[in-house]
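Here the structure comes first, spelled out in structure tokens, and everything after it is commentary.
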Amino acid sequence: GGGAGGSGPCKTAQLDFSTSEGAAAGNLLVHMKNTGSASCTLRGFPGVDLNGEAGSFNADRSNAAPQTVSVQPGEATSFTLNYTPNDSGGSGTDVTSLVVTPPNETQSQTVPVSINLPVTDSPTPGVTVDPVGVG
């Protein structure tokens, strides 16, 4: 069996991605499950590109402090995507997928989502991402 000494950074290829609603409106939890045979660690902010009918834009980093998270085989950690839900009564703009790059990785994984954001004049409509393990 592997001990803590064998753990290294989590690689995109050994992570399975899924989403669930957060505790509040405008929170989406993105889960990363370790499908590898050894524990691995994550620290920092994931890269998140939101893709939809209006094109693609990056989520900004929140002010939360990163922490190192150890993920055992078969276990998962998550991060929170924070956004303003569209409650304007208008059609808004739909986000249909996230392109997630784990911290310190260059490979990404596309995750299907269904998020409706209010239309704004801003190129990044107030979407932020928390570090891994926060949320």
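The values are calculated or read from the model by the stated rules, or taken from the named source; none is laboratory data. Just so we're clear, the structure is a prediction, and the values are computed from it rather than from any experiment. All Cβ positions, glycine included, derive from the backbone under ideal geometry; neighbour counts span all protein chains shown. In case anyone asks, the SASA skips ligands and DNA or RNA and just uses the protein heavy atoms, side chains included. Shrake-Rupley method; radii C 1.70, N 1.55, O 1.52, S 1.80 Å.
A few comments on the model shown:
- Residues with amide H under 5 Å from that of ARG61, placed H, sequence gap 5 or more: VAL129
- A simple charge model with +1 on the Cβ of Lys and Arg, -1 on the Cβ of Asp and Glu and nothing else charged puts the dipole of the chain at about 480 debye relative to its Cα centre.
- FRET E, pair ALA23, ARG61, Förster distance 22 Å, beta-carbon r, rounded to 0.05: 0.60
- Relative frequency of Cα-Cα separations exceeding 19 Å in region 1-64, percent: 49
- Surface composition of the chain: carbon plus sulfur atoms contribute 46% of the solvent-accessible area (1.4 Å probe, protein chains only, all chains present).
- Note on region 54-117 and region 10-53: Cα centroid distance 8 Å, given to the nearest whole angstrom.
- Checking (1) 71; (2) 65; (3) 53 against the coordinates, the calculated percent of Cα pairs over 18 Å apart falls under label (3).
- The orientation-averaged projection of the convex hull spanning the C-alpha atoms of region 76-135 amounts to 5.0 square nanometres.
- The mean sequence distance of close C-alpha pairs (under 8 Å, at least 6 residues apart), as a share of the length of the chain, puts its relative contact order at 30 percent.
- Simple spin-label estimate for THR35 and ALA54 in nanometres, 7 Å along Cα-Cβ: 3.3
- Phi-based couplings in Hz for region 56-61 (Karplus 6.51, -1.76, 1.60; Gly and Pro marked x): 10, 8, 8, 6, 7, 6
- In plain terms, the chain from ALA76 to THR120 could stretch by 12.4 nm, reckoned as 0.36 nm per residue minus the Cα-Cα distance.
- Table column - 3J(HN,Hα) (Hz), region 80-91, Karplus curve with 6.51, -1.76, 1.60, x for Gly and Pro: 10, 9, 9, 8, 8, x, 7, 10, 7, x, x, 6
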